[in-house]
Amino acid sequence: MTSSVIVARQFDDSDQQRQAADLGIWVFLASEILFFGVLFLAYTVTRLHHPEAFATASRQTDVALGSINTGVLLTSSLTMALAVRATKLGVRRAAIVFLCATAMLGLVFVAIKGTEYRHDYVAGLVPGLRFSFAGPHAGGVELFFGLYFLMTGVHVLHMLVGLGVVGTLAMRAARKAFTPEYFTPVELGGLYWHLVDIVWIFLYPLLYLVSRT
Amino acid sequence: MIAHPVPPVRTYVAVWIALIALLLVTLGSAFVPLGALNPAINFAIATAKALLVTWFFMHLRSGHAMLRITAAAGFFWLAILIGLSMTDFAVRY
């Protein structure tokens, strides 16, 4: 089979090269699972120590914006998956449209998150900066919001990296960098985007849905 | 020419519909007082959503077994991290 793929000399063929890249990104993603894992562990232990405070604190978050943002991110995963699909099929125009849609949805997510941060600041829920929540569980509420900003902050940081990746992929796709034989950067960028989505899938109930009844 | 088969668009759309449905179920269930079941439902639904994303969007279904093993290893070590920490927590408090 003639191929447009440049195969690095350490690989037998383009298939082996692609499999190595897939394995590499999955090893990275597994390390990312553990990177976020310690934060989820810290959250779990703190919540077990302060169950009432976490229930109170979670009710201070904006469940409407949080739920909308979850929908936005799930939808961005769909457009990303369709972008990878279009790239593999060699439908360049569709790939570019889906990559841009993914980036737009990512930007919407970050913008909504920024709005929430602003509300949190105004409400005095930012530990160390502007924290004025008073009540029987104020200490535990402060711990919740410390974790809230740490976890969502690190997640948003990943979103910004993802936006850079998706934007770069869109530009490279427009310059005809990808073919049905060579689509590894789109595939790997997509896998990263989906993992950031998965992290949010777990953050959403832990931060917004602790106690709504 | 096309060496790499892809799933049909309807598979991806069906997964997305399932994801949005699960989001609505988890959101709705949070407003029903179920006690300890509430966090259990939330966690189960989050896990289901994560499985849908990894299996279909991240192509673990069609990918090399090595990739499934690597992904499972990540979650396995996470389970050790949280599981062993919880035994310590359970014994000490």
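The values are calculated or read from the model by the stated rules, or taken from the named source; none is laboratory data. The model shown is predicted, which means the values in this text are computed figures rather than measured ones. Please note: Cβ atoms are built from the backbone with ideal geometry, for glycine as well, and neighbour counts cover all protein chains shown.
Structure values in brief
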quantity	calculated
Segment B:20-48: number of residues that are of a type outside the set (V, I, T) and in contact with a Phe, Trp or Tyr (Cβ under 9 Å, 6 or more places away or on another chain)	6
Residue among B:L51, B:L67 that alone is more than 7 Å from chain A (Cβ to nearest Cβ) and free of Cβ contacts under 8 Å to residues at least 24 places away in the same chain	B:L51
Filter result for A:F183 (crowded, with 22+ Cβ neighbours inside 10 Å, farther than 23 Å from B:A48 by Cβ and either within 14 Å of chain B (Cβ to nearest Cβ) or more than 12 Å from the chain's Cα centre (by Cα) (or both))	yes
Residue that is nearest to A:V84 (Cα to Cα), among those in segment B:14-31 that are of a type outside the set (G, A, S) and more than 7 Å from every other protein chain (Cβ to nearest Cβ)	B:V15
Residue list for segment A:60-79, filter: β-branched (V, I, T), under 13 Å from the mean Cα position of the chain (by Cα) and surrounded by fewer than 24 Cβ atoms within 10 Å (Cβ to Cβ)	A:V72, A:T75
Long-range neighbours under 7 Å by Cβ, at least six apart or interchain, first residue part of a loop (DSSP other than H, G, I, E, B) within segment B:1-22, second modelled with pLDDT of 95 or more	B:I2/A:L89; B:H4/A:K88; B:V6/A:R85; B:V6/A:K88; B:V6/A:L89
Checklist (1) at pLDDT 95 or above; (2) buried (at least 19 other Cβ atoms within 10 Å of the Cβ); (3) under 14 Å from A:F183 (Cα atoms) applied to A:R18, failing item	(1)
Criterion violated by B:L81 - all others in (1) among the hydrophobic types (A, V, I, L, M, F, W, C); (2) assigned by TED's automatic domain parsing to the domain that holds B:A14; (3) over 17 Å from the mean Cα position of the chain (by Cα) satisfied	(2)
The lone exception for B:R10 - which of (1) among the charged types (D, E, K, R); (2) within 24 Å of A:T179 (Cα to Cα); (3) facing chain A (nearest Cβ under 7 Å) it fails	(3)
Qualifying residue in segment A:103-118 (condition: within 11 Å of another protein chain (Cβ to nearest Cβ) and assigned to a helix (DSSP H, G or I))	no
Long-range neighbours under 7 Å by Cβ, at least six apart or interchain, first residue small (G, A, S) within segment A:21-34, second surrounded by 16 or more Cβ atoms within 10 Å (Cβ to Cβ)	A:A21/A:T184; A:A21/A:L188; A:A30/B:T70; A:A30/B:A71; A:A30/B:G74
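Matching residues to (1) without any contact (Cβ under 8 Å) to a residue 40 or more places away in the chain; (2) within 10 Å of chain B (Cβ to nearest Cβ); (3) in contact with a strand residue (DSSP E or B) (Cβ under 8 Å, 6 or more places away or on another chain):
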residue: A:T44; (1), (2), (3): yes, yes, no
residue: A:V63; (1), (2), (3): no, yes, no
residue: A:L74; (1), (2), (3): no, yes, no
residue: A:A101; (1), (2), (3): yes, no, no
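Each row is one residue, and each column tells you yes or no for (1) touching a Ser or Thr at 6+ places or on another chain (Cβ under 7 Å); (2) farther than 15 Å from A:A57 by Cα.
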{"site": "A:F133", "(1), (2)": "no, no"}
{"site": "A:K176", "(1), (2)": "no, yes"}
{"site": "A:E181", "(1), (2)": "yes, yes"}
{"site": "A:L203", "(1), (2)": "yes, no"}
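Results for (1) modelled with pLDDT under 95; (2) part of a helix (DSSP H, G or I); (3) aliphatic (A, V, I, L, M); (4) exposed (fewer than 13 other Cβ atoms within 10 Å of the Cβ), shown as yes or no for each residue.
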position: B:L27; (1), (2), (3), (4): no, yes, yes, no
position: B:G35; (1), (2), (3), (4): yes, no, no, yes
position: B:P39; (1), (2), (3), (4): yes, yes, no, no
position: B:V53; (1), (2), (3), (4): no, yes, yes, no
position: B:F56; (1), (2), (3), (4): no, yes, no, no
position: B:G63; (1), (2), (3), (4): yes, no, no, no
position: B:R68; (1), (2), (3), (4): no, yes, no, no
position: B:A73; (1), (2), (3), (4): no, yes, yes, no
position: B:G83; (1), (2), (3), (4): yes, yes, no, yes
